[in-house]
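Before any comments, here is the structure.
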Amino acid sequence: MVLEHLSIVNYKNINQAELDFSAKINCLIGMNGQGKTNLLDAIHFLSLCKSASCSQDSLNILHGQDMMMLQGRYRHEDGTPEDIHCGLKRGQKKVMRRGQKAYRKLSEHIGLIPLVMVSPSDQQLIDGGSEQRRRFMDMVISQCDPVYLESLVRYNKALMQRNAMLKAEQEPDTELMELWEEEMAREGTLIHERRTAFTMAFEPVFQRFHDRISQRHERVGLAYVSHGQRGPLLEVIRQGRAKDRIMGFSLHGTHKDDLDMTIDGYPMKREGSQGQNKTYLIALKLAQFDYLHRTKESTTPLLLLDDIFDKLDAERVEQIVELVGGDTFGQIFITDTNRDHLDSILSHSHEDYRLFHVTQGQINL
């Protein structure tokens, strides 16, 4: 997939922009806070129906404006054009359209334009709670498995209903509680199976990228941890019902799954330096790209690299530059405040490129 043209109106600090992109490498240079990341976020929004950094849609509208609009003109590998439009007015729901037709459910759009974004906020995958790591798994798997996404929606609905019953002052209806638990177990079992298969396929690729970037200077690990590994999920959920009633929420299920991230056998959160954390996260995201590319063979994901070289030593920067400058990836968008990094990438690549300058929300060649 290639993004040929992007129209932006009132998105974050970008008042208006009409941009034509290279099919290969697009570099965005500018000081911090000028709008480079906001441009990448607009591309992310068109792919995944949401901002990478802001959970409340209305906060993405430019201050003082009543609406925002994003429109992307894409081209599939076989040459088929694709037009995606997103519109949002304050106080209303966003509307996503493919061509002239609005989506009935936003989940129908997920996976059409696969995308991987590497940004400083990825640090939350290491520092944050298990929710951050589950969201990472969900985002990757959902882009290539619509059945998984639908199962996730049904599981979360059942979980919400069970939690409401656990919180209620009156004693829950046992039969109704059992129905929601059966729904959680049924959908949770599928989720557990898909996450297990994903991790088994993903982990070796992650190791390969990490070994390349770090030159094997450290040994890292990535392991899936789930209540589904304890036995039949329905039994695990029901055994905890009495304690769940005391706590007022569900303590067991796939909504508690996690990824165990380690370096030299110790938790990354505790032992990793800034450079080691950055290396780990970049390897994780490049492995995500590889996974999506192999799983969705007819569509190459877009790769967005936001300020990825900070905190890395020269040797690791060189390895990333060689990787990104090669022909492994499709269309790439890279931001940096340092022109030297971008020039180094371009010197390693014989592909077509465009260089944009970003200043106070204005984007120019």
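The values are calculated or read from the model by the stated rules, or taken from the named source; none is laboratory data. If you're wondering where the values come from, they're calculated on a predicted model, not measured in any experiment. No Cβ is skipped: glycine too gets one built from the backbone with ideal geometry, and neighbour counts run over all protein chains shown.
Of ARG195, ARG212, all but one fail to be out of contact with any His (no Cβ under 8 Å at 6 or more places or on another chain) and at pLDDT 95 or above; the exception is ARG195. Within the option set LEU302, LEU292, LEU281, being in contact with a helix residue (DSSP H, G or I) (Cβ under 6 Å, 6 or more places away or on another chain), under 27 Å from ILE126 (Cα atoms) and either touching a residue at least 24 places away in the same chain (Cβ under 8 Å) or hydrophobic (A, V, I, L, M, F, W, C) (or both) holds for one residue only, LEU281. Only a single item in (1) under 26 Å from VAL321 (Cβ atoms); (2) surrounded by fewer than 17 Cβ atoms within 10 Å (Cβ to Cβ) is not met by HIS63, and it is number (1).
Please indicate, with yes or no, whether at least one residue in the range 246-266 is more than 22 Å from VAL324 (Cβ to Cβ), among the hydroxyl-bearing types (Ser, Thr, Tyr), in a helix (DSSP H, G or I) and assigned by TED's automatic domain parsing to the domain that holds GLU171. Yes; the residues of the range 246-266 include at least one that is more than 22 Å from VAL324 (Cβ to Cβ), among the hydroxyl-bearing types (Ser, Thr, Tyr), in a helix (DSSP H, G or I) and assigned by TED's automatic domain parsing to the domain that holds GLU171.
Against the numbered list (1) surrounded by 19 or more Cβ atoms within 10 Å (Cβ to Cβ); (2) in contact with a His (Cβ under 8 Å, 6 or more places away or on another chain); (3) not polar (S, T, N, Q), ILE263 comes up short only at (2).
For residues in the range 308-320 being exposed (fewer than 15 other Cβ atoms within 10 Å of the Cβ) and of a type in the set (Asp, Glu), which is nearest to the chain's Cα centre (by Cα)?
Narrowing the range 308-320 to residues exposed (fewer than 15 other Cβ atoms within 10 Å of the Cβ): 310, 313-315.
Now restrict to residues that are of a type in the set (Asp, Glu): 310, 313, 315.
Numbers: ASP310: 20, ASP313: 26, GLU315: 27 Å.
My answer is ASP310.
Checking each residue in the range 1-16 for being surrounded by fewer than 20 Cβ atoms within 10 Å (Cβ to Cβ) and in contact (Cβ under 8 Å) with a residue 60 or more places away in the chain picks out VAL2, GLU4, HIS5, SER7, VAL9, ASN13, ASN15. Cβ-Cβ distances below 7 Å connect the following pairs, each with a first residue in the range 232-244 that is touching a residue at least 12 places away in the same chain (Cβ under 8 Å) and under 12 Å from MET184 (Cβ atoms), a second residue that is surrounded by fewer than 19 Cβ atoms within 10 Å (Cβ to Cβ) and not aliphatic (A, V, I, L, M), and a separation of six or more residues or different chains: LEU233/THR189; LEU234/GLU182; VAL236/ARG230.
Determine whether the range 168-189 contains at least one residue that is under 23 Å from the mean Cα position of the chain (by Cα), farther than 30 Å from ILE282 by Cβ and of a type outside the set (S, T, N, Q). Within the range 168-189 (the criterion being under 23 Å from the mean Cα position of the chain (by Cα), farther than 30 Å from ILE282 by Cβ and of a type outside the set (S, T, N, Q)), the answer is yes, since at least one residue qualifies. Might you let me know whether the range 210-222 holds any residue that is among the hydroxyl-bearing types (Ser, Thr, Tyr) and farther than 20 Å from ASP138 by Cα? Yes, there is a match, as at least one residue in the range 210-222 is among the hydroxyl-bearing types (Ser, Thr, Tyr) and farther than 20 Å from ASP138 by Cα. Regarding ASP41, is this residue within 18 Å of the chain's Cα centre (by Cα) and of a type outside the set (Val, Ile, Thr)? Yes; evaluated as a whole, the condition is true for this residue.
So which residues in the range 275-305 are in contact with an Asp or Glu (Cβ under 9 Å, 6 or more places away or on another chain), in a helix (DSSP H, G or I) and either surrounded by fewer than 19 Cβ atoms within 10 Å (Cβ to Cβ) or of a type in the set (Lys, Arg) (or both)? Those that are in contact with an Asp or Glu (Cβ under 9 Å, 6 or more places away or on another chain), in a helix (DSSP H, G or I) and either surrounded by fewer than 19 Cβ atoms within 10 Å (Cβ to Cβ) or of a type in the set (Lys, Arg) (or both): GLY275, LYS278, LYS285, THR295.
Mind checking which residues of the range 67-96 are in contact with an Asp or Glu (Cβ under 8 Å, 6 or more places away or on another chain) and under 22 Å from LEU302 (Cα atoms)?
To start, the set of residues in the range 67-96 that are in contact with an Asp or Glu (Cβ under 8 Å, 6 or more places away or on another chain) comprises 71-76, 88-90, 94.
Matches in the range 67-96: GLN71, GLY72, ARG73, TYR74, ARG75, HIS76.
Within the range 55-73, is there a residue that is over 16 Å from the mean Cα position of the chain (by Cα), under 19 Å from ARG135 (Cβ atoms) and of a type in the set (Asp, Glu)? Yes, the range 55-73 has at least one match. Taking the conditions (1) farther than 30 Å from CYS27 by Cα; (2) assigned to a loop (DSSP other than H, G, I, E, B); (3) not acidic (Asp, Glu) in turn, ILE308 satisfies each one other than (1). The strands (runs of 3 or more DSSP E) located wholly in the range 74-179 that include 3 or more residues which are of a type in the set (A, V, I, L, M) and either surrounded by 14 or more Cβ atoms within 10 Å (Cβ to Cβ) or free of Cβ contacts under 8 Å to residues at least 40 places away in the same chain (or both) occupy 115-118.
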